[in-house]
Amino acid sequence: MKNHYTATAKSLHWVMAVLIIGLLALGFYMQDLPLSPDKLKLYSWHKWAGVIAFLLVLVRLAWRAGHRPPPLPASMPKPLQLAAHGGHLALYGLMLAMPLSGWLMSSAKGFQTVWFGLLPIPDLLAKDKALGDLLQNVHATLAVLFVLILVGHVAAALKHHFIDRDDILTRMLPARPTEK
């Protein structure tokens, strides 16, 4: 049985990790900026990158459906295995919910996303200020939850590496041998 991830899984993991951290950082940074052309440009970039993240998570889910991850160590207690699976499920859920809530929010606020200024993304909702404000709160709350889950994910990986001294972290590192 393999004990490492495929090159595709590793690539998707690390590209999405960088993209998601960038999206979260940009989102928190730009929310309190005064309205200006620069803020509007940042919002556009955020939305464009959010579309990319959404498309990549769909690719990642499709890949995952056909490629089982390596098993967790047999020495890992069942409650921790359940926590690991729950944490990954939460990450996948948030990778879907964040861009969807942003898309819904933009639609309700009447700001259509035009991907890279070229491809209009259809609005999912009619313009509705109250709903847009509610969805803005949902998007912000999901962002905070995402940060908390990500911190837990990284902390767990580091615990496995430095305290448990197992291969949980190293099997996802790019330098690790991969399986096609």
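The values are calculated or read from the model by the stated rules, or taken from the named source; none is laboratory data. Computed from a predicted model, the values in this text were never measured in an experiment. Every residue, glycine as well, gets a Cβ built from its backbone with ideal geometry; the counts of neighbours run over all protein chains shown. Accessible surface is based on the protein model in full, side chains and every heavy atom, while ligands, DNA and RNA are left aside. Shrake-Rupley method; radii C 1.70, N 1.55, O 1.52, S 1.80 Å.
Observations on the model:
- Within region 81-117, being farther than 24 Å from Asn137 by Cβ, surrounded by fewer than 16 Cβ atoms within 10 Å (Cβ to Cβ) and of a type in the set (A, V, I, L, M, F, W, C) holds for Leu82, Ala83, Val114, Trp115, Phe116.
- Any hit, region 150-165, residues being in a loop (DSSP other than H, G, I, E, B) and farther than 23 Å from Leu23 by Cα: yes
- Residue pairs whose Cβ atoms lie under 9 Å apart, separated by 6 or more positions or on different chains, with the first residue in region 151-177 and acidic (Asp, Glu) and the second part of a helix (DSSP H, G or I), are Asp166/His160; Asp167/His160; Asp167/His161.
- Matching option when the condition is open to solvent by 50 Å² or more (accessible area, probe 1.4 Å) and either under 28 Å from Gln136 (Cβ atoms) or outside any loop (DSSP other than H, G, I, E, B) (or both), among Ala74, Ala25, Ala9: Ala25
- Where Asp32 falls short, out of the listed (1) closer than 30 Å to Gly117 by Cβ; (2) outside any loop (DSSP other than H, G, I, E, B); (3) among the charged types (D, E, K, R); (4) open to solvent by 40 Å² or more (accessible area, probe 1.4 Å): (2)
- Test result for Gly152, exposed (fewer than 13 other Cβ atoms within 10 Å of the Cβ) and of a type outside the set (A, V, I, L, M): no
- Qualifying residue in region 114-122 (condition: closer than 23 Å to Lys2 by Cα and either of a type outside the set (S, T, N, Q) or not in a helix (DSSP H, G or I) (or both)): no
- For region 47-97, a residue qualifies if it is among the aliphatic types (A, V, I, L, M), farther than 30 Å from Lys109 by Cα and within 19 Å of the chain's Cα centre (by Cα), and the qualifying residues are Ala62, Ala65, Ala83, Ala84.
- Qualifying residues in region 35-53 (those that are open to solvent by less than 40 Å² (accessible area, probe 1.4 Å) and hydrophobic (A, V, I, L, M, F, W, C)) - the one nearest to Leu148 (Cα to Cα): Ala53
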